[in-house]
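Shown next, in structure tokens, is the structure this report addresses.
Any read-out appearing in this document is the output of simple, stated calculations on the displayed coordinates, not a laboratory observation. Note that the structure is a prediction, hence the values are computed from the model and not measured. Glycine also receives a Cβ, built like all others from the backbone with ideal geometry; neighbour counts cover every protein chain displayed.
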Amino acid sequence: MNVILKDVPRAASDIPAYCPSGNECALFETAWVRQLPLLLKGPTGCGKTRFVSHMAAKIGLPLATVSCHDDLSAADLTGRYLLKGGDTVWVDGPLTRAVREGGVCYLDEIVEARKDVAVVLHPLTDDRRILPLERTGEVLEAPPGFMLVVSYNPGYQNLLKALKPSTRQRFVAIEFDFLPKAEEIAVVATESGLEEARVAPLVEFAHRLRALKGRDLEEGVSTRLLVYCACLIDSGMTLRDAVRAAMIEPLTDEPDVRAALLEIADATIR
């Protein structure tokens, strides 16, 4: 289980940069004030995780991020008994710590987790706002300072991994997508240090690749990969090598598709 615990930033300069594309910041703040759980949905690498980091830091909340996966169980989130120095002691999981102490608990790609995770979340996402711990006999009431945020990528959904309506309808939801070209150029330039004039062709190429999603490609190029590519170019790597390493190789293992994408890159990026 990949859990990242983050301290509350002490200065505005410590707040992760984020470029709003709508009213998502105001919606997050309102959900926080009214103690509503939040669901973020959108393609991989479009800024969902950065948004949560930005908002948690802006409001001044500790943030626990859990990257969900196939083996993630309810016990991984709530806690378990462990042997320590010959004694058996209870150790809180990240969700339980957030409920006890307050802060944002962010479950990234929630549909990847095991089905028993949803059962644990349900009492926290209605008017009860409680977390029953069967193994300790406790029933924790979430304090006003606790907020649950989850995310998923609808593009990866299938019959085996879909967020049930009974779970979705417990959350206020925000749909994310990639930024418009001009805004994405500005973000990539800021993050990488590469001038906007050199970033613009990369963004144009990314938009062409995103149009292939669902046909030759499973997923389009994320803004994250664009930043990686721009960083490589800014560090002196040739344009073609950087594009291949950061924008083509991560998307496909098929030699024919890779060759076709390189041809598109040669025609688009100069």
Considering residues that are surrounded by 17 or more Cβ atoms within 10 Å (Cβ to Cβ) and part of a strand (DSSP E or B), the number found within the range 163-200 is 1
Residue 212 fails exactly one of (1) of a type outside the set (Asp, Glu); (2) touching a residue at least 12 places away in the same chain (Cβ under 8 Å); (3) buried (at least 17 other Cβ atoms within 10 Å of the Cβ), namely (2)
Of those in the range 78-111 that are surrounded by 15 or more Cβ atoms within 10 Å (Cβ to Cβ) and free of Cβ contacts under 8 Å to residues at least 24 places away in the same chain, the residue farthest from the chain's Cα centre (by Cα) is 92
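To keep it simple, each residue is scored yes or no on (1) surrounded by fewer than 16 Cβ atoms within 10 Å (Cβ to Cβ); (2) closer than 24 Å to residue 41 by Cβ; (3) under 24 Å from the mean Cα position of the chain (by Cα).
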position	(1), (2), (3)
121	no, yes, yes
134	yes, no, no
137	yes, no, no
140	no, no, no
146	no, yes, yes
